[in-house]
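Peer 1: Mind looking over this structure? Questions follow.
Derivation of every value follows stated rules applied to the coordinates shown; laboratory data play no part. Being a predicted model, the structure only gives us computed values, none of them experimental. Glycine also receives a Cβ, built like all others from the backbone with ideal geometry; neighbour counts cover every protein chain displayed.
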There are 2 protein chains.
Amino acid sequence: MEMTFRWYGQDDPVKIEYIRQIPGMKGIVTAIYDIPVGEVWPLEKIMELKESVEKHGLELSVIESVPVHEDIKLGLPTRDKYIANYCETIRNLSKAGIKTICYNFMPVFDWTRSDLEYELEDGSTCLIYDEATVAKMDPALGELELPGWDTSYGEGGLGALLDQYKDIDEEKLWANLEYFIKGIMPTAEEEEVKMAIHPDDPPWGIFGLPRIITNFENLDRFLNLYDSHYNGVTLCTGSLGCTKTNDVVKMIKHFGGERNRIHFAHLRNVLITGDSSFNEVAHLSEAGSLDFHAIVKAYLDYNFDGPYRPDHGRMIWGETGRPGYGLYDRALGAVYVNGLKEAILKENSLKSECEESLLEGASVQG
Amino acid sequence: MEMTFRWYGQDDPVKIEYIRQIPGMKGIVTAIYDIPVGEVWPLEKIMELKESVEKHGLELSVIESVPVHEDIKLGLPTRDKYIANYCETIRNLSKAGIKTICYNFMPVFDWTRSDLEYELEDGSTCLIYDEATVAKMDPALGELELPGWDTSYGEGGLGALLDQYKDIDEEKLWANLEYFIKGIMPTAEEEEVKMAIHPDDPPWGIFGLPRIITNFENLDRFLNLYDSHYNGVTLCTGSLGCTKTNDVVKMIKHFGGERNRIHFAHLRNVLITGDSSFNEVAHLSEAGSLDFHAIVKAYLDYNFDGPYRPDHGRMIWGETGRPGYGLYDRALGAVYVNGLKEAILKENSLKSECEESLLEGASVQG
């Protein structure tokens, strides 16, 4: 498990110099943000980004994300051009030595919350999703705009885009995803680039739009669309774990331990507050609904050697900035995982010794 | 193990509101700083301090420190008055419900370092002790003044005080410590207040002054001065662990596990850089010379239920303030220990299950 941290580049209020001071930090997860969705990422811009990371003694470990053009999700004829461009971007990233790409296939909206500054008992604030509040929202009215969303909807605007999705149900979205995957995977395989789809967040349909990367069965279906090691997932405990119907530890054991298709791990805790409601709390297990010990153990049990990063944190200590992406609480999450990792590995080593001596004792007695 | 955090009161640049936002934080370690050394701490001032902590949802867990007057360490005739005052302070703290007191018995100087802003490779700064640098220093010339030091030397100044210590060798200091302990312990026992002496930092004589709370043998000798549960120690891994001749894990097992005399735990890592030189690095085991997993495990193995706190941190993320006592790196230390604790406890529980099933299997085979 290689510890990484998401950094939004030179404009991020979180300085990369500060990220490096987090004990155990190895790599950066970032992207190029000023290239319109669908266009090829030029090699020189990629090299520039890479150097901006490496000069601080960190590795550029993962690109999160190379966004997928809406025309691909909609299955429009123009998709072939965008898929060709996507392949070209994969090739350029590979040339720069970047071998893991995170992306998602959520129609129109990225991660969605009902409140970005919900105040917790200790005065910190966090992102929450309240089902009843979201039910009353209509994004077409411009009532809601979240920092993760791409708002370059083109000429027709958001309303026109939502209209285009009227005929796209889950099965049509699956077909469009399959077309995309079959379009890019030969290139990814050739370039040995691990593609890691991010689950939908939250993992259920919103605003009448379908979402499909949502649970065990669908992740399984996704991996079977194209059977290649390079066709993998970003296992996000926060996205998948915000509903009791998902068992993220079981997912790590299966999709990681058994199938070795988890290429990137997002570690985030959530407190489930209703069937489809949750608060993003501190990473500490006792603060939320997820067992971080079991999660980290599931990765270590199969010697996961890929990158992971602490995901969304609360806003603490008066920090302001990009919701979910402050420095402080994410850094606390990172070093909490340092403690879990160290203890699990050292305890396992002690346990093996103990088991050996017990078995020896038993065989002597036997 | 109850997590606490040192807070220097209202004047501390670290806000208590922020301390509370550290996941798992339970208590505060503090003191009254405006009472001259040797005077009685009035109950009303103690209550005021306690309320200033409790109104933030935290417990006032430990007083660190009630300082010991130099006349006691010097064994002057005036010491009886100061010991009577110390007993009165113990009684008042007990009345307020505060049952753990940390103190030290270092002549003249408290913790000592050669540099408070040594720059590490990642741009953070830390406290270091370099033997060669300290050897060249003469505090009587006013060349060195550290934030932990009490500089109210009285009329004669530092030179006069150092002169008074000329005849105090280690054995005389032991005799004066014994006199003090025998003077205060009956009160501490009566009040059920745990007295927790802090080891000398660094654990060797400096500037020609003797230091005696320095190693396993001397801690043992100290506890035997007065055989009571209430006569205990603050086990500081950083102070004791900065020399390879001290095995802090062995100390925790013996003075804690076997004798139950550790009343307060300070968790700090150090990188030993010479026989008597060290840097105060991040808490993470791999950053320094101490094995934090083994340390935390040693406490959990005997179900230590007392307070602990992350000790001195680096200065990171541009923070300024009291050297060693910034918010950020100490908070990282605190949550790293959260991870260690959680994993050790949960692994132990899994291990017991495994051992049971192995033993059952063995008995069936046998």
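Peer 1: Ranking B:95, A:166 by Cβ neighbours within 10 Å, fewest first, what do you get?
Peer 2: On the way: B:95 12, A:166 9.
Fewest-to-most Cβ neighbours within 10 Å comes out as A:166, B:95.
Peer 1: Quick one: if you take sqrt(5λ) for each eigenvalue of the C-alpha gyration tensor of the protein assembly as shown, what semi-axes come out, biggest first, whole angstrom? Can you show the working numbers first?
Peer 2: Numbers: eigenvalues 600, 152, 115 Å².
Over the Cα atoms of the protein assembly as shown, the ellipsoid semi-axes are 55, 28, 24 Å.
Peer 1: Still on this structure: Which GluC sites (Glu not before Pro) does region A:167-238 hold that lie in a coil by DSSP with at most 13 other beta carbons within 10 Å? The partial results should precede the final answer.
Peer 2: Details: sites: A:170, A:171, A:178, A:189, A:190, A:191, A:192, A:217; in loops: A:192.
Here the GluC sites (Glu not before Pro) that fit, given the DSSP loop and packing criteria, are A:192.
Peer 1: Could you point to the residue in B:13, B:31, B:111 farthest towards the positive end of chain B's charge dipole, with +1 and -1 charges on the Cβ of Lys/Arg and Asp/Glu respectively?
Peer 2: Looking along the dipole axis, the top candidate is B:31.
Peer 1: At a 10 Å Cβ-Cβ cut-off, how would you order A:263, A:254, fewest neighbours first?
Peer 2: Working: A:263 26, A:254 17.
Neighbour counts put them in this order, fewest first: A:254, A:263.
Peer 1: Another one. So what is the 222 nm mean residue ellipticity for chain A from helices alone, if each DSSP H run of at least 4 adds -39500 (n - 2.57) and you divide by all residues, rounding to the nearest 500 deg cm²/dmol? Write down the numbers at each step before the final one.
Peer 2: On the way: 12 runs with 139 residues, N = 366.
For chain A, the value works out to -11500 deg cm²/dmol.
Peer 1: Report the closest approach of any chain B C-beta to the axis of the B-to-A rotation: residue and distance, in whole angstrom.
Peer 2: Looking at chain B's Cβ atoms against the axis toward A, the nearest is B:339, 1.
Peer 1: Sticking with this structure for a sec: Would you mind giving the mean number of other chain beta-carbons within 10 Å of the Cβ of each residue in A:343-354, as a whole number? Mind showing how you got there, number by number?
Peer 2: Working: counts 14, 8, 2, 10, 10, 2, 0, 5, 6, 0, 0, 4.
Mean inter-chain Cβ contacts per residue within 10 Å come to 5.
Peer 1: Any idea what the residue B:131 label distances to the other copies are, label 7 Å down the Cα→Cβ vector, nm, shortest first?
Peer 2: 6.7
Peer 1: Grab the Cα-Cα distance for residue B:117 and residue B:221, subtract it from 0.36 nm times how many residues apart they are, and report the gain in nm with one decimal. All intermediate terms of the calculation are to be shown ahead of the outcome.
Peer 2: Details: separation 104, 0.36 × 104 = 37.44 nm, distance 3.58 nm.
Full extension of this stretch gives 33.9 nm more.
Peer 1: How much of the DSSP beta bridge set in chain B is antiparallel, as a percent to the nearest 5? Display every interim value, and only then the final one.
Peer 2: Working: 10 of 35 bridges.
In chain B, DSSP labels about 30 percent of beta bridges as antiparallel.
Peer 1: Report, for residue A:95, each distance to the same residue's label point in the other copies, shortest first and in nm; define the point 7 Å along Cα→Cβ.
Peer 2: 8.0
Peer 1: Ok, one more. Using a label position 7 Å from Cα in the Cα→Cβ direction, what is the ascending list of nm distances from residue B:358 to the same site in the other copies?
Peer 2: Ordered by increasing distance: 0.5 nm.
Peer 1: What is the order of B:266, B:56, fewest Cβ neighbours within 10 Å to most? Working shown, then result.
Peer 2: Numbers: B:266 25, B:56 16.
Lowest count first: B:56, B:266.
Peer 1: Residues in region A:53-86 near a label at residue A:44, defined as backbone nitrogen under 19 Å from the 7 Å Cα→Cβ point?
Peer 2: A:53, by backbone N distance to the label point.
Peer 1: Calculate the mean, over all residues of peptide A:307-316, of how many other protein chain Cβ atoms lie within 10 angstrom of the residue's Cβ. Spell out each step's value before the answer.
Peer 2: Values: counts 0, 0, 0, 0, 0, 0, 0, 2, 1, 7.
Mean shielding by partner chains, rounded to a whole number: 1.
Peer 1: Moving on. Along the Cα-to-Cβ line of residue B:169, 7 Å from the Cα, sits a label point; which residues in region B:44-85 have backbone N less than 20 Å from it?
Peer 2: Answer for this model: B:73-76.
Peer 1: Given a Förster distance of 30 Å, report the FRET efficiency between residue A:10 and residue B:300 from their Cβ-Cβ distance, rounded to the nearest 0.05.
Peer 2: Values: r = 44 Å, r/R0 = 1.47.
Efficiency, from the Cβ-Cβ distance: 0.10.
Peer 1: Further question on the same structure: I'd like to compare A:337-348, B:69-80, B:6-17, B:237-248: which one has the highest average count of other Cβ atoms within 10 Å, and what's the full order after that?
Peer 2: Details: A:337-348: 23.3, B:69-80: 18.2, B:6-17: 16.3, B:237-248: 21.3.
In decreasing order of mean packing, A:337-348, B:69-80, B:6-17, B:237-248 become A:337-348, B:237-248, B:69-80, B:6-17.
Peer 1: Let me spell out the model: positive unit charges on the Cβ of Lys and Arg, negative unit charges on the Cβ of Asp and Glu, origin at the Cα centre of chain B. What dipole size does that give, in debye rounded to 20?
Peer 2: Values: 35 positive and 61 negative charges, 132 e Å.
In total the dipole reaches around 640 debye.
Peer 1: From other protein chains only, count the Cβ atoms within 10 Å of every residue's Cβ in A:329-335, then give the mean. Working shown, then result.
Peer 2: Details: counts 5, 0, 7, 10, 3, 3, 13.
So the per-residue partner count for this stretch is 6.
Peer 1: Structure shown: which of A:81/A:297; A:99/A:341; A:26/B:99; A:136/B:26; B:55/B:81; A:50/B:244 lie over 32 Å apart, alpha-carbon to alpha-carbon? Don't jump to the answer; show the numbers that get you there.
Peer 2: On the way: A:81/A:297 43 Å; A:99/A:341 24 Å; A:26/B:99 43 Å; A:136/B:26 39 Å; B:55/B:81 35 Å; A:50/B:244 41 Å.
Exceeds cut-off: A:81/A:297; A:26/B:99; A:136/B:26; B:55/B:81; A:50/B:244.
Peer 1: Can you work out the FRET efficiency for the pair residue A:161 and residue A:88, with r the C-beta to C-beta distance and R0 = 22 Å, to the nearest 0.05?
Peer 2: On the way: r = 25 Å, r/R0 = 1.13.
Computed FRET efficiency for residue A:161 and residue A:88: 0.35.
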